[in-house]
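Novice: Okay, handing you the structure first.
All of the numbers you see were taken from the coordinates with simple rules; none came from a lab. All values reported here derive from a predicted model rather than from experimental measurement. Reconstructed Cβ throughout: ideal geometry from the backbone, glycine too, with neighbour counts over all protein chains shown.
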Amino acid sequence: MKFEKTPLKDCFVLTPEVFIDHRGKFLESYHKKKFNEVTGLDLDFVQDNQSVSKKGVLRGLHFQSGEFAQAKLVRVIHGEVMDVVVDLRPDSPTFKKAHHIILSDHNQHQLFIPQGFAHGFITLSETSVFSYKCDRFYYPGSESGVIYNDPDLAIDWKIPEDEFILSEKDTKLPTLKELFP
């Protein structure tokens with residue numbers, strides 16, 4: 001597995017080695033020992049989640065705060081998404097900075113998102129199956145987010161906004177300035 005740093009502190013892109021033959025393909029999507037050695041982290045992923053979305057579905061930018069903050073390892077099993085992360089750790093040198101990456105079943109990239117980051121994605125293909133491991137259980141009382149169209153982030157979601165499919169909850173999230181006055 002190949003590990004690459006992103007421009008955001010403690011956030012990594014993981015690319016597994018893919019073995020292809022006449023039967024199909026095989027890859028190792030996670031290896032705790034290798035992950036710990038490269039990142040210096042000893043995480044215990046306790047919950048796996050999966051979502052299925054159609055083109056234009058934008059989920060995010062979500063996070064859990066306090067003792068329920070989650071680190072995540074995300075990947076696309078089918079389709080293609082643009083994945084976006086925002087560093088919300090006030091003591092980080094990349095505080096309030098965003099980064100995006102294309103995750104797809106073709107490139108097999110995965111993104112490690114540390115605790116203290118907001119996370120979201122938009123489906124670029126006709127459908128996507130998105131999978132993520134979390135190091136903390138979901139706790140609704142600590143859930144929050146940043147509005148997808150925050151002017152300070154100026155994220156280009158790669159699809160016209162009139163084609164977005166959003167939950168009502170995601171249209172009412174605060175801006176960075178409201179979260180960090």
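Novice: Can you pull out the strands (runs of 3 or more DSSP E) entirely within segment 1-87 that have at least 2 residues that are of a type in the set (Lys, Arg)?
Specialist: On the way: elements: 2-5, 12-15, 18-21, 24-27, 47-54, 58-64, 72-78, 80-87.
Where strands (runs of 3 or more DSSP E) fall fully within segment 1-87 and carry at least 2 residues being of a type in the set (Lys, Arg), they are 2-5, 72-78.
Residues checked against (1) under 21 Å from residue 155 (Cβ atoms); (2) without any contact (Cβ under 8 Å) to a residue 60 or more places away in the chain:
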residue	(1), (2)
83	yes, yes
96	yes, no
106	no, yes
112	yes, no
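Novice: Count, please, the residues in segment 17-47 that happen to be out of contact with any strand residue (DSSP E or B) (no Cβ under 6 Å at 6 or more places or on another chain) and under 16 Å from residue 112 (Cβ atoms). Before the answer, list the steps.
Specialist: Going through segment 17-47, the residues out of contact with any strand residue (DSSP E or B) (no Cβ under 6 Å at 6 or more places or on another chain) turn out to be 17, 20-24, 28-37, 39-44, 46.
With under 16 Å from residue 112 (Cβ atoms) added as a condition, the list becomes 28-37, 39-44, 46.
Final tally of qualifying residues: 17.
Novice: Still on this structure, I have one more. Can you tell me which residue among 36, 49 is out of contact with any Pro (no Cβ under 7 Å at 6 or more places or on another chain) and either small (Gly, Ala, Ser) or free of Cβ contacts under 8 Å to residues at least 12 places away in the same chain (or both)?
Specialist: 36
Novice: Are any residues in segment 116-132 more than 9 Å from residue 82 (Cα to Cα), touching a Lys or Arg at 6+ places or on another chain (Cβ under 7 Å) and in a strand (DSSP E or B), and if so, which ones? If you could, list the steps in order and put the result at the bottom.
Specialist: Going through segment 116-132, the residues more than 9 Å from residue 82 (Cα to Cα) turn out to be 116-119, 125-132.
Right, trim to touching a Lys or Arg at 6+ places or on another chain (Cβ under 7 Å) and you get 116, 119, 125-127, 131-132.
Within segment 116-132, 119, 127, 131, 132 qualify.
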